[in-house]
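The values are calculated or read from the model by the stated rules, or taken from the named source; none is laboratory data. Please read these numbers as outputs of a predicted model, since none were measured by experiment. All Cβ positions, even for glycine, are placed from backbone atoms using ideal geometry, and neighbour counts span all protein chains on display.
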Amino acid sequence: MKFLCLGYLDIDNFDAAPEEEKSEILKACFAQCKDFRATGQVVEEEGLESPQIAKCIRSKNGRTTVTDGPFIETKEQLGSFFIIEAENIDDAVRVASLHPAAIFGEKYGFGIEVRPIQE
């Protein structure tokens with residue numbers, strides 16, 4: 001079974017941190033990714049660019065509309081995604097718990113949502 005994992009963070013809080021602090025947390029994240037990937041269950045993993053350059057597409061009054069910015073106004077923004085191949089959601093959570101967003105960045109609101117992909 002495949003699971004989509006969405007990594008969130010408080011982007012404003014993270015962006016406001018000193019560059020040295022951000023650099024240190026990112027170094028720790030990259031190092032932790034080795035253990036995460038070593039599970040052999042990570043199918044795909046990618047970080048996302050800033051939500052400020054995102055575009056949203058919706059239908060309004062029967063027409064397609066495009067707006068700037070993230071999908072919704074919220075404190076936490078989507079910062080990364082990854083797909084895990086696992087036996088069940090508990091196994092997916094075990095693997096996702098090795099991702100840096102589950103270990104580092106409490107100060108910046110890092111967190112992960114794990115959702116089964118429809119088959």
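Being modelled with pLDDT of 90 or more and part of a helix (DSSP H, G or I) is the requirement here; does Phe36 meet it?
Working: modelled with pLDDT of 90 or more: yes; part of a helix (DSSP H, G or I): yes.
In short, yes.
Give the range 49-85 a look and list any residue that's within 15 Å of the chain's Cα centre (by Cα), modelled with pLDDT of 85 or more and exposed (fewer than 14 other Cβ atoms within 10 Å of the Cβ), or say none.
Scanning the range 49-85 gives a single hit, Glu49.
Take Ala102 and tell me if it is at pLDDT below 95, in a helix (DSSP H, G or I) and buried (at least 16 other Cβ atoms within 10 Å of the Cβ).
Considered against the rule, which asks whether it is at pLDDT below 95, in a helix (DSSP H, G or I) and buried (at least 16 other Cβ atoms within 10 Å of the Cβ), Ala102 comes out as yes.
When you check Glu113 against the structure, is it modelled with pLDDT of 90 or more, touching a Gly at 6+ places or on another chain (Cβ under 9 Å) and either part of a helix (DSSP H, G or I) or of a type in the set (D, E, K, R) (or both), yes or no?
Judged against the criteria, Glu113 is a match.
When you check Ala92 against the structure, is it touching a Pro at 6+ places or on another chain (Cβ under 9 Å), on the phi < 0 side of the Ramachandran plot, exposed (fewer than 12 other Cβ atoms within 10 Å of the Cβ) and in a helix (DSSP H, G or I), yes or no?
Working: touching a Pro at 6+ places or on another chain (Cβ under 9 Å): yes; on the phi < 0 side of the Ramachandran plot: yes; exposed (fewer than 12 other Cβ atoms within 10 Å of the Cβ): no; in a helix (DSSP H, G or I): yes.
Criteria not met by Ala92.
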